[in-house]
Amino acid sequence: MNDDPAGPSPENPGPQASGRRDSRIHPARMGHPAGSVTRPGAPPIYQTAAFDVPDLEVLDAISSGTVIGDIYTRDSNPNHRALAETIALLEGAESGAVFASGMGAAAGIFLTLAGQNDHVILSRSLYGKTMQLAAEMQQKYGLEISWFDPTNPEQLRVLLKSRTRFVLVETVSNPLLNVADISALAEELPDSVPLIVDATFTTPELVRPCLLGASLVFHSASKYLNGHGDVMLGVAAGRAELIRKLRDTASLFGQNAGPFESWLCQRGLRTLGLRMRQICETTNVLARQLRSHPAVRKLYHPLLPDHPSYPTASRLYPRGTGGILTVELAGSQNDPVRQFMKLADTIPFSPTLADARTTISHPATTSHRFLSDAERLSLGITRDLIRISVGLESVDQLLEEFVSVLDQIH
Ligand SMILES: *Cc1c(COP(=O)(O)O)cnc(C)c1O
C-alpha cells in the first residue's frame with residue numbers, strides 16, 4: 001500500500017525508493033503550511049470539524065470563557081465568530097449569532113424563549129414559514145399565540161399577559177410591504193418582554209432595530225446580507241444574555257452554520273452598503289414609473305403616498321425600504337400573471353428574494369400557498385399579485401424590460 005496521494009512514479013520514485021519511510025508520516029497529519037510572517041488579506045476558511053487543544057488547562061480556560069478559542073465547529077468556529085461579530089457591529093448590538101438558515105434563527109428563538117404554556121404575540125403578516133413554525137409550536141408544545149397588526153402598536157396593550165415571552169414583527173411585511181414602527185412597538189412593552197424583529201427585508205443599512213428599542217434582531221442572511229443568491233444562512237444580534245442562550249440552543253439542536261457559508265456571507269457584506277443603495281434607488285424609480293401603467297391595477301411601495309405605511313416609511317426609511325415592489329396586474333380574466341411570466345423571459349420566476357439579479361415571485365402559489373383562499377384574500381393577497389425583487393441591473397434596462405412586458409399584456 002502506498003500512502004502518498006501523488007504516488008511514486010519512475011521519474012519521482014518517492015521517499016520509499018531511497019529506504020524505509022518515516023513511519024510517523026501520513027497525509028492525514030499534513031496540510032498545515034509552515035508559519036508565515038504575513039497574513040492573508042481575505043480571511044481564511046476554517047473548514048474543520050474540531051480544533052486541536054494544546055492541553056487540559058487551555059480546554060478549561062476556553063470552556064469557562066476566560067480565553068477565546070474554538071473546540072468543535074457545531075459549537076463555534078472562527079468563521080461563525082467573525083460573522084457574528086460583524087453583524088453585531090453593523091446592528092449596533094451587544095452580541096451576535098449565526099444559524100444554518102433564516103428559519104434556523106427563527107426556530108432557535110422559539111425554542112430558546114418560549115416553552116410549554118407560554119404566550120407570544122406575533123405579527124399577522126409574518127413570513128409564511130415563520131407562521132407555520134409558530135403553528136407547529138402551538139400544536140406540539142401548547143404555545144399560546146396572539147396575532148396582531150404591527151402597524152397598530154396600541155393593540156399590544158390588550159394582548160400582553162404575564163406569560164408573554166416575546167413579541168415578533170418584521171420591519172417590512174411580505175408581500176404588501178406594511179412598515180412596523182419599531183420604536184412605537186418597543187414603547188408599548190415592559191422590559192421583561194423582548195421585542196424581536198425580523199429585519200431581512202431592510203438590513204442594517206436601512207434600519208437598526210436594536211437602537212430603536214428591540215431586544216433582538218434576526219435575518220435570513222440567504223437574502224440581502226449575503227446578496228448573491230448562493231448561500232443559506234441566518235444571523236441574529238441583540239442583548240448579550242439572549243444571544244448567549246440562542247447560541248446554546250444552536251449548538252444543542254445542531255443549527256449552526258457551516259464555515260464556508262459564513263465566509264461567503266462575510267464576503268457579501270463587504271458590498272452591502274453599495275448594493276442596498278443602488279437597489280433602493282432603482283426600486284424607488286421603478287415604483288414611480290410603473291404605477292401608472294395601464295396594465296397595473298395597483299402598485300405597493302411604502303414610499304408612495306397612497307400606501308397605508310407611507311407616513312411611517314418616509315420617517316423611518318427616507319432613502320428606501322429595500323428592493324421589493326409588489327404589483328397587482330389588471331385584467332384578471334386573462335390570467336395576467338401567467339402572461340407576465342411567459343413574456344418576462346429575461347426575469348426569472350424564482351421563489352426567493354434579494355438575489356443579485358432581479359427576480360419575480362407569485363405570493364399566492366409560493367410564500368402564501370399554505371393559506372386558504374379566504375385567508376389569503378383577508379391579507380390582501382390576490383392571484384393577480386406578483387412580487388418583484390429588484391437586483392443590481394441598471395434602472396434603464398429594468399424599466400425597458402418591465403414596460404415592454406406590461407405593454408404586451410394589456
Ligand atoms: C427568507 C426569509 C426567512 C427564512 O429564511 P431562510 O434563510 O430561507 O430560512 C425569514 N424571514 C423572511 C422575511 C424571509 O424573507
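Within the set of pairs 6 or more residues apart or between chains, which connect a residue that is within 16 Å of the ligand (Cβ to nearest atom) inside the range 162-179 to a residue that is among the basic types (Lys, Arg) with Cβ atoms less than 8 Å apart?
Asn174/Arg387; Pro175/Arg387
Which condition number in (1) at pLDDT 90 or above; (2) not in a helix (DSSP H, G or I) is the one that Met341 fails?
(2)
Can you tell me which residue is farthest from the chain's Cα centre (by Cα) among those in the range 45-67 that are touching a residue at least 12 places away in the same chain (Cβ under 8 Å) and in a loop (DSSP other than H, G, I, E, B)?
Going residue by residue through the range 45-67, those that are touching a residue at least 12 places away in the same chain (Cβ under 8 Å) are 45-51, 53, 59.
Going one step further and asking which of them are in a loop (DSSP other than H, G, I, E, B), we end up with 45-49, 51, 53.
Details: Ile45: 21, Tyr46: 22, Gln47: 22, Thr48: 24, Ala49: 25, Phe51: 28, Val53: 33 Å.
Within the range 45-67, the match that is farthest from the chain's Cα centre (by Cα) is Val53.
Per-residue answers, yes or no, for (1) assigned to a strand (DSSP E or B); (2) away from the ligand (no atom under 16 Å from the Cβ); (3) crowded, with 20+ Cβ neighbours inside 10 Å:
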| residue | (1), (2), (3) |
| --- | --- |
| Asp70 | no, yes, no |
| Asp75 | no, yes, no |
| Asn79 | no, yes, yes |
| Leu83 | no, no, yes |
| Val98 | yes, no, yes |
| Met103 | no, no, no |
| Thr112 | no, yes, yes |
| Asn117 | no, yes, no |
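This table checks each residue for (1) more than 16 Å from the ligand (Cβ to nearest atom); (2) in contact with a Ser or Thr (Cβ under 8 Å, 6 or more places away or on another chain); (3) at pLDDT below 90.
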position	(1), (2), (3)
Asp306	yes, no, no
Ala313	yes, yes, no
Gln333	yes, no, yes
Ala364	yes, yes, no
His368	no, no, yes
Ile388	no, yes, no
Leu398	yes, yes, no
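In the range 122-170, how many are in a helix (DSSP H, G or I), closer than 20 Å to Ala236 by Cα and basic (Lys, Arg)?
1
From the list Leu392, Leu406, which residue is hydrophobic (A, V, I, L, M, F, W, C) and not in a helix (DSSP H, G or I)? Break it down stepwise before answering.
Values: Leu406 fails: not in a helix (DSSP H, G or I).
Checking each option against the conditions leaves just Leu392.
Mind checking whether some residue in the range 199-210 is in a loop (DSSP other than H, G, I, E, B), of a type in the set (A, V, I, L, M), under 30 Å from Pro305 (Cβ atoms) and within 15 Å of the ligand (Cβ to nearest atom)? Walk me through how you get there before you give the answer.
Within the range 199-210, the first condition is being in a loop (DSSP other than H, G, I, E, B), and the residues that meet it are 199-202, 207-208.
Then keep just the ones that are of a type in the set (A, V, I, L, M); that gives 199, 207.
Narrowing further to those that are under 30 Å from Pro305 (Cβ atoms): 199, 207.
With the extra rule that they be within 15 Å of the ligand (Cβ to nearest atom), the set shrinks to 199, 207.
Checking the range 199-210: at least one residue is in a loop (DSSP other than H, G, I, E, B), of a type in the set (A, V, I, L, M), under 30 Å from Pro305 (Cβ atoms) and within 15 Å of the ligand (Cβ to nearest atom).
Given (1) of a type in the set (D, E, K, R); (2) in a loop (DSSP other than H, G, I, E, B); (3) touching an Asp or Glu at 6+ places or on another chain (Cβ under 9 Å), identify the lone condition not met by Arg315.
(2) is the only condition that Arg315 fails.
Restricting attention to the range 303-344, which residues are within 27 Å of Ser222 (Cβ to Cβ), buried (at least 21 other Cβ atoms within 10 Å of the Cβ) and not aliphatic (A, V, I, L, M)?
Scanning the range 303-344 gives His307, Ser309, Gly320, Thr321, Gly322, Gly323, Thr326, Phe340.
Which residues, counting only those in the range 216-253, are in a helix (DSSP H, G or I), among the basic types (Lys, Arg) and within 16 Å of the ligand (Cβ to nearest atom)?
Initial filter on the range 216-253 (in a helix (DSSP H, G or I)): 240-252.
Adding the requirement that they be among the basic types (Lys, Arg) leaves 244-245, 247.
Of everything in the range 216-253, nothing turns out to be in a helix (DSSP H, G or I), among the basic types (Lys, Arg) and within 16 Å of the ligand (Cβ to nearest atom).
How many residues does the range 350-362 contain that are of a type in the set (Ser, Thr, Tyr), within 15 Å of the ligand (Cβ to nearest atom) and part of a loop (DSSP other than H, G, I, E, B)? Working first, answer last.
Quick first cut of the range 350-362, residues of a type in the set (Ser, Thr, Tyr) only: 350, 352, 358-359, 361.
Now drop any that are not within 15 Å of the ligand (Cβ to nearest atom), which leaves 350, 352, 359, 361.
Still in the list and also part of a loop (DSSP other than H, G, I, E, B): 350, 352.
So the answer is 2.
Look at Ile347 and say whether it is surrounded by 15 or more Cβ atoms within 10 Å (Cβ to Cβ) and part of a loop (DSSP other than H, G, I, E, B).
Values: surrounded by 15 or more Cβ atoms within 10 Å (Cβ to Cβ): yes; part of a loop (DSSP other than H, G, I, E, B): yes.
Here the answer is yes, as Ile347 does meet what is asked.
The values are calculated or read from the model by the stated rules, or taken from the named source; none is laboratory data. Because the structure is predicted, anything quoted here is derived from the model rather than measured. All Cβ positions, glycine included, derive from the backbone under ideal geometry; neighbour counts span all protein chains shown.
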